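Asks: One structure, as structure tokens, below. Some questions next.
The values are calculated or read from the model by the stated rules, or taken from the named source; none is laboratory data. In this text the structure is predicted, and so the values were computed from the model without any measurement. Note: ideal-geometry Cβ built from the backbone for every residue, glycine included; neighbour counts use all protein chains shown. Just so you know, the surface numbers come from the protein's heavy atoms only, side chains and all, with ligands and any DNA or RNA stripped out. Shrake-Rupley method; radii C 1.70, N 1.55, O 1.52, S 1.80 Å.
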Amino acid sequence: MSFKKSKLDLLVRVRYANPLPPPPCPPKLLDIPTNPMRYAQPEFLNSIANNTPLPMIVDAECGMPLDLGKWESLWEENADDLALNPDPHNLPKLDQKDEFLTYDSGSSSTYMNGNHTGSSTPSAVPALGQVAWLRKTEYTSDRVQRSSTNEPKHVALPPIDVSREAQLRDIEASFVECNENFSLEELRHPNKPNVTAVESYEILPDSEIWANQYDLFRFAERPGERAADVEDPRLDCAILRPMKSDHDSFLAFYLTEQDEGALKFKEIRNSVEPYEIPENEEPTVFKFVRDYETVKVEQEVPNEFLLMFEDGGSTSTFDDLVNEDRKPAKRPRGAYYKNIERKMLLKKKRANAYEQYEDKWDVIKVTHVPMSQEEEDEREEALAEVMDPLFLMRGDADADGEVEVYEGLGGQTFPVPVDHIPVET
């Protein structure tokens, strides 16, 4: 006895069939009265007419002919143009059919549905509030109720004194509020009630690093070839070099080959004063590690700063931060800040052997060199923002050559008011 297997017509067999069960009762025959006359009514063909596209044959004037020959002022030089530009103090009379378009809820005369009511009192017809003239009438009653209840109450504000004496008074009052009336015990954290303030610092701009530009780089994973739990002293002196290919821009990452090279480079840099050149310096070799591409770039970072806390006991003032030799002197106790220019998120760039680089370096040899005159001028200009008391009174020329002069307060200067930083314990 043999069995023959039949080939299925479907590629996948329906394993779980779910047929509908039969109805619980036999179907009923319903008598629906139908009037044959409804087929003779015009509304029966509305659906067909709505679905039938109509040919739109529009002439060059889009169906709205405009005869420009009626206005002589368009063709003659000294013709009267009152027809096109009427006198605002002697406007032409409005057509009676269009008078209801100028309806105003605050006027004494009203128009309803294009007809003049002739009432001289505004109470004859309720004001419709801010209702468009094409809005349906069933929505206007609700708008009237809401407009009457939500009328803004205008509060007369006292005039603000912007004179020079008033500005000086307000500035002096801010120092009193921040210094004399300040109590460390009464200071409370806005979100953490259990955190108490133990110290306060004056917040001042960091004149030592103000001329430098700082970017904040965040890596998707730790750079370098070492594991995350292994200390790598080379990371804080790495080099990020901007690169360009045919269709992309990215950053090349360089590190010293051994830890000794990075430690020696940092030791030489810390052995001299800022902007001084060490003698007999040997070049430090940085080798290419890999390329990184930018995932996200924030051009403006308004809420993140570099803070340097100084706990020294110097009693010098803000004007004594720089001595006669233009070198930083011992700074007083305070928190010194510098803003961050940009933030970037970096991830590893996939290597492409066929990608063409404009200028690829495998090795970088770094030494310190003196600053050029152009670099020194640029640095002095950046430092003037925090070191020159008359910086805001300088004239800034715009692109058109016009000069904008800022008016100062009688040549007097004032330091930044004191803020206080809560420190968690």
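Asks: I need the trypsin sites (Lys or Arg not before Pro) found in segment 22-72, filtered to DSSP loop residues with at most 10 other beta carbons within 10 Å of theirs.
Replies: Sites meeting the loop and neighbour criteria: Lys28.
Asks: Moving to a separate point now. Over all alpha-carbon pairs in segment 27-66, figure out the percentage whose distance exceeds 12 Å.
Replies: 76
Asks: Taking the highest mean first, how do the peptides 159-170, 376-387 order by number of other beta carbon atoms within 10 angstrom per residue?
Replies: 376-387, 159-170
Asks: Grab the beta carbon distance between Ala384 and Lys97, set R0 = 60 Å, and tell me the FRET efficiency rounded to 0.05.
Replies: Rounded to the nearest 0.05, the efficiency is 0.30.
Asks: Nearest 0.05, what FRET efficiency do Leu392 and Asn181 give at R0 = 30 Å with Cβ-Cβ as r?
Replies: 0.60
Asks: P(r) for segment 183-226: what percent of alpha-carbon pairs falls in each 5 Å bin, starting at zero?
Replies: Going from the shortest bin to the longest, the percentages are 5, 12, 13, 11, 8, 12, 20, 12, 5, 2, 0.
Asks: Starting from segment 42-88, pick out the chymotrypsin sites (Phe, Trp or Tyr not before Pro) whose DSSP state is loop and whose Cβ has at most 11 other Cβ atoms within 10 Å.
Replies: Trp75
Asks: Oh, and also: Sorted by accessible area with a 1.4 angstrom probe, largest first, how do Lys330, Lys244 fall?
Replies: Putting Lys330, Lys244 in descending order of accessible area: Lys330, Lys244.
Asks: Give me the number: length gained by fully extending Glu376 to Glu172, i.e. 0.36 nm times residue separation minus the C-alpha to C-alpha distance, one decimal in nm.
Replies: The span from Glu376 to Glu172 would gain 69.8 nm if fully extended.
Asks: Per-residue HN-Hα couplings for segment 235-248, Karplus 6.51 cos²θ - 1.76 cosθ + 1.60 at θ = phi - 60°, whole Hz, x for Gly and Pro?
Replies: 6, 7, 10, 6, 10, 10, 10, x, 10, 9, 10, 5, 10, 7
Asks: Now a separate question. Under a 1.4 angstrom probe, counting protein chains only, how are Ser245, Ser372 ranked by accessible area, largest first?
Replies: Ser372, Ser245
Asks: If you roll a 1.4 Å probe over segment 194-283 with all protein chains in place, what percent of the accessible area is carbon or sulfur?
Replies: Carbon and sulfur: 46 percent of the exposed surface of segment 194-283.
Asks: D for segment 179-297, whole µm²/s, Stokes-Einstein with Kirkwood Rh over alpha-carbon pairs at 25 °C and 0.890 mPa s: what number? All intermediate terms of the calculation are to be shown ahead of the outcome.
Replies: On the way: Rh = 19.1 Å.
Rounded, D is 129 µm²/s.
Asks: Would you mind working out the accessible area per residue for segment 211-292, using a 1.4 Å probe, and quoting it in Å²?
Replies: Per-residue value: 65 Å².
Asks: Something else now. Please compare each pair in Lys244/Lys296; Lys296/Lys330; Lys296/Lys365; Lys330/Lys365 to a cut-off of 28 Å on the Cα-Cα distance and tell me which ones are over it.
Replies: Lys296/Lys330; Lys296/Lys365; Lys330/Lys365
Asks: For segment 238-257 and segment 160-234, what is the separation of their Cα centres, given in Å?
Replies: Answer, in whole Å: 33.
Asks: So, counting K/R as plus one and D/E as minus one, what does the shell of residues with Cβ under 14 Å around Glu281 add up to?
Replies: Values: positive: Lys264, Lys266, Arg269, Lys365; negative: Glu267, Glu276, Glu279, Glu282.
Combined, the nearby Lys, Arg, Asp and Glu give 0.
Asks: Starting from the coordinates of the alpha-carbon atoms of segment 252-318, obtain the Kirkwood hydrodynamic radius over all distinct pairs and give the value in Å to one decimal.
Replies: Kirkwood hydrodynamic radius for segment 252-318: 16.6 Å.
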